[in-house]
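The values are calculated or read from the model by the stated rules, or taken from the named source; none is laboratory data. Please read all numbers here as calculations on a predicted model, not as lab measurements. Here the Cβ is made from the backbone with ideal geometry for all residues, glycine too, and neighbour counts use every protein chain on show. When the accessible area is computed, the model is the full protein with side chains, heavy atoms only, and any ligands, DNA or RNA have been set aside. Shrake-Rupley method; radii C 1.70, N 1.55, O 1.52, S 1.80 Å.
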Amino acid sequence: MGSPGESAPHGARDAVEFVAAMRQLKARSGLTFRQLEERAAARGDVLARSTLADALRHDALPRVETLTAFLRACGEEHDAGAWLEVRKRLSVADVPPGEPAPGRPSRWRTRSFRVATAAAVAVLLAAGGLAGARYFGSRGSDESSTAGEVKRCRNGTCEGRDPQEFQCLGDAEVASAVKSAEGLIHLYYSADCQALWAGIGSAADKVVSVYVKSGEGDALSLKRDRLLRDPAWPGSARTPMLPSKRLPRHAEVCVTYPGMEACTGSDGMSRVKPYPSAS
């Protein structure tokens, strides 16, 4: 498998080319529609065969939840952020002048992905952090759910939760991203769940610590052993969620590895710089 972001159709100029890239990815996977549906279900996603077949048959951008479930079923979760970024760019380009983009006011879509594209949380994977940061530990669930019931959360009830377990991946947007020698780091935001979190595409075992800042005064500080893992995706990890009623204006993400720190923020800032190791 290549480096994170390599499978995404960065050169796609429109929805036609984007969907063509999805068809190519399916062909490379060697999986049937039935197998993709079953793999998605095994990961807790919903990807009906008919829905996927319809998405690949038409030259229109797929729904975010369909695309995300498809990528995970194909084993390309590490590239999901890059695919979503391209989809977002194309969806903005398809909106006629003066009309709001689907699901957001026009100001959000046009101005956002540069300024508010980073408008989210901060994962400052540095040892130490801001005053008021909370270290994530195991929490008892205040969401009681019976067998088969879908777990959902919103805002405060999402704090410390796993975004995958609580169905927050469906509308997740890439708020900001930075690439380092260790791979891609993404900051995600879910408007449905009113929460944000960070995803580490690879080399999670090398992470020293993670810091997530909402931009609204809330922060979450994590050591490597507190990151959430998915056995199906070795090397990748994500943080639990931090509540945020909206995508914050001032947020940043920093990941600290031995000897290096990679950061990206909602103001469009991205940097990778040496970080002194503790002797």
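Where does the charge balance sit around A172 when Lys and Arg score +1, Asp and Glu -1, over other residues with C-beta under 11 Å from its C-beta? Don't skip to the answer; put the middle values down first.
Working: positive: R238; negative: E65, D171, E173, D192.
Charge balance in the 11 Å sphere: -3.
Would you tell me the accessible area of W197, worked out with a 1.4 angstrom probe on the heavy atoms of the protein chains, in Å² to the nearest 10?
Rounded to the nearest 10, the figure is 10 Å².
Beyond 22 Å between alpha-carbons counts as too far, so tell me which of K223/K273; K245/K273; K88/K223 fall in that bin. Working shown, then result.
Details: K223/K273 20 Å; K245/K273 31 Å; K88/K223 32 Å.
In this structure, K245/K273; K88/K223 exceed 22 Å between Cα atoms.
Given a Förster radius of 22 Å and the C-beta distance between A41 and R154 as r, what FRET efficiency does 1/(1 + (r/R0)^6) yield to the nearest 0.05? Show your work: numbers first, answer last.
Numbers: r = 24 Å, r/R0 = 1.11.
Rounded to the nearest 0.05, the efficiency is 0.35.
Relative contact order of the range 148-279, please, whole-number percent, based on alpha carbon pairs below 8 angstrom and at least 6 residues apart.
That works out to 24 percent.
In nm, to one decimal, how far is the A93 label point from the D54 one, both placed 7 Å along Cα→Cβ?
2.6
Take the Cα of K223, step 7 Å along the line toward its Cβ, and report every residue of the range 183-212 whose backbone nitrogen sits under 19 Å from that point.
204-212
Sorting check: for 172-180, 200-208, 48-56, which peptide has the highest mean count of neighbouring beta carbons within 10 Å, and how do the rest follow? Please report the intermediate quantities before stating the final value.
Numbers: 172-180: 24.1, 200-208: 20.4, 48-56: 15.7.
Final packing ranking: 172-180, 200-208, 48-56.
What whole-number distance in Å separates the alpha-carbon centres of the range 217-279 and the range 20-75?
Using only Cα atoms to place each centre, the spacing works out to 29 Å.
Label points 7 Å out from Cα along the Cβ direction at D230 and A181: separation in nm?
Reported label-point gap for D230 and A181 is 2.8 nm.
Length gain on complete extension for the stretch R13 to D192, per 0.36 nm per residue less the alpha carbon to alpha carbon distance? Don't skip to the answer; put the middle values down first.
Working: separation 179, 0.36 × 179 = 64.44 nm, distance 2.88 nm.
Here the segment from R13 to D192 would lengthen by 61.6 nm.
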